[in-house]
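Contents: one structure, followed by commentary.
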Amino acid sequence: MKRVLGDNWVLPALDDDNRAFFTSGKLVVQQCSQCEKFQHAPEDICQSCQSFELHNFESQGQGKVESVAVVDHAIHPSLKDKVPYAIVAVSVDDAPGVLIVGNVIGKAPDDIRIGDNVSVVFEEVDDERSGERLTIPQWQAVQ
Amino acid sequence: MNDKAAICGIGETVYYNRGDSPHTEFQLACMAITAAADDAGIAPDEIDGFVTYSDNRNGPTRLSAALGIQNLRFAATTWPGGGNSVAGAMQIAESAVRAGYANNIVVFRAIAQGQFGRFGQAGGSSGMGGGYMAGGAAFSGPYGLLSPAQRCALRTARFMHDHDISQEALCDIAMACYANAQSNPRALKSGKPLTREQYHASRWIVKPYHLYDCCPENDGAAASIITTAERARDRKNKPAYITGAAQGDGASYSTLTPDDLATSFYTPVAENLWGYTGLEPKDMDVVQFYENFTGAVLIALSEMGFAPPEGIEEFVSGGALVGPEAKLPFNTSGGNLAEAYIHGFQLINESVRQIRGTSTCQVRNVEHALTVGGPGYAPGSAIVLGASQ
Ligand SMILES: [Zn+2]
């Protein structure tokens, strides 16, 4: 899909911590290999058991809106024709304990409610700097 | 450590709308500091320590040279962050004075955004990185989550949802600050009272925040001087004793998690502050709460223990925060919203005035005055000042 905030909007700067999240074409959540707890954003150490053994869990991509803030005032010039847009914090059904920030498609910003079910979709964009194809997780409203 | 510490001098510049200061930021800092020294009855070169927070532009060696200080004995700052650390900076100075490492420590904050660009804005000092955002911002910036207002709005929206809180509760916070500013000639919103109708008619910034829920950006500086209680008693103004200060953070507070979404990060601050001082919210005669955003204050009021979340809307309603006779005298100088946004340091000075009895919205017989730092960012911090040791 096309980017919610426009093709020219900022991209994530890829690094070893976020490459899987933004390029795998799956919803990826960091999981501890020892205690199996999830955490996001990725961290160098498990925040539950302090293990360094961490891996990427591939989620089925179903989630729930835990909070929503509708942006009416664009704080960057290139977002002036994108407002209002909704920022959501989404909990992931099969990776409890984390929240993932995103936008929602398929529903007007002011109609999005806490508790709404959403499923992951991906913005696809070529990242000229890294030469990689990005798959940026976003959320589709589930009817 | 035997003796308490006390604030013996306060000072500030004229406050300006953003970009209107005729002085450089460093000049503003020096003006506030020399005013505080004068208020304390000491010469500027008797200052022997500097502490600040969220400020890497007005450093201790530059200040020492400017003020003729021959023996700077203590310099420190909190971790980088924002107004969450305002009372944390006071705590550092208090600890150093009580340990005997310095005698007259200045804590201050200065800001001139015309000179240096805007604080707390994407595209400002943090930058947009030429179309890329890195580190933690990589997980938020591409989704248009850029500003402190947007971050705090996500937390406030969930708090309002969980506890059935209406927009009127946010309005009550804003209206109290504007009302209390009307008697304060320093306040930028003096002469500009706010009505409920004006509040609701103002544009949305990010729902649930209207324009009036968000603190303005201002230029100016404010400073306090901290010394031992013994020395403070010999100075020209009544000491404001530091009863206790606290910082606080919780295990999962560095990231957004479902369990800690609707927080302002002040539950651990409350536990640490009330535990350290042996006091309770009901012992506070007057309170100053750092308002970056009204909704974040509502959460902080609740987390500090003034009312449970489900009762917080009723607690702030009906003018309960307005005026010196209020049920809870609150932001008596107008706060960040209506006096000036000097990253909350002007709140410390207002608490000192309440202890001295010199506020323009003076509460009677103040024994304890609470100042609470910026909500929604961690570690949070808070400080209690006392009229007696
Ligand atoms: Zn673990």
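Evaluated against (1) within 14 Å of chain A (Cβ to nearest Cβ); (2) at pLDDT 95 or above, B:Ala137 falls short on exactly one condition, (2). The criterion of being modelled with pLDDT under 95 and either farther than 23 Å from A:Ala108 by Cβ or open to solvent by less than 30 Å² (accessible area, probe 1.4 Å) (or both) does not hold for B:Asp219. You will find that of A:Ala74, A:Ala89, A:Ala69, the residue that is open to solvent by 10 Å² or more (accessible area, probe 1.4 Å) and either more than 16 Å from the ligand (Cβ to nearest atom) or among the small types (Gly, Ala, Ser) (or both) is A:Ala74 and no other.
Of all residues in region B:5-33, those satisfying the criterion of being under 25 Å from B:Ala87 (Cβ atoms) and open to solvent by 50 Å² or more (accessible area, probe 1.4 Å) are B:Val14, B:Arg18, B:Met31.
Selection over region A:1-14 of residues that are more than 12 Å from chain B (Cβ to nearest Cβ) and either open to solvent by less than 40 Å² (accessible area, probe 1.4 Å) or of a type in the set (A, V, I, L, M) (or both) gives a count of 1.
Residues of region B:196-216 that are buried (at least 22 other Cβ atoms within 10 Å of the Cβ) and assigned to a helix (DSSP H, G or I): B:Tyr212, B:Asp213.
B:Thr52 passes all but one of (1) under 19 Å from B:Ala6 (Cα atoms); (2) buried (at least 21 other Cβ atoms within 10 Å of the Cβ); (3) touching a Leu at 6+ places or on another chain (Cβ under 9 Å); which number fails? Only one criterion in (1) under 19 Å from B:Ala6 (Cα atoms); (2) buried (at least 21 other Cβ atoms within 10 Å of the Cβ); (3) touching a Leu at 6+ places or on another chain (Cβ under 9 Å) is unmet by B:Thr52, namely (3).
Of the numbered criteria (1) in contact with a Lys or Arg (Cβ under 7 Å, 6 or more places away or on another chain); (2) in a loop (DSSP other than H, G, I, E, B); (3) surrounded by 24 or more Cβ atoms within 10 Å (Cβ to Cβ), the one B:Phe265 fails is (1). Quick check on region A:41-57. Is at least one of its residues away from the ligand (no atom under 14 Å from the Cβ) and modelled with pLDDT under 95? The answer is yes, given that some residue of region A:41-57 is away from the ligand (no atom under 14 Å from the Cβ) and modelled with pLDDT under 95. Restricting region B:143-180 to residues that are of a type in the set (Gly, Ala, Ser) and part of a helix (DSSP H, G or I), the residue that is farthest from the chain's Cα centre (by Cα) is B:Ala157. Among the residues making up region A:15-34, those that are outside any helix (DSSP H, G or I), more than 16 Å from the ligand (Cβ to nearest atom) and surrounded by 21 or more Cβ atoms within 10 Å (Cβ to Cβ) are A:Leu27, A:Val28. For region A:94-111, the tally of residues that are in a loop (DSSP other than H, G, I, E, B) and either among the hydroxyl-bearing types (Ser, Thr, Tyr) or crowded, with 21+ Cβ neighbours inside 10 Å (or both) stands at 3.
The values are calculated or read from the model by the stated rules, or taken from the named source; none is laboratory data. Being a predicted model, the structure only gives us computed values, none of them experimental. Please note: Cβ atoms are built from the backbone with ideal geometry, for glycine as well, and neighbour counts cover all protein chains shown. With ligands, DNA and RNA removed, areas are computed over all heavy atoms of the protein, side chains included. Shrake-Rupley method; radii C 1.70, N 1.55, O 1.52, S 1.80 Å.
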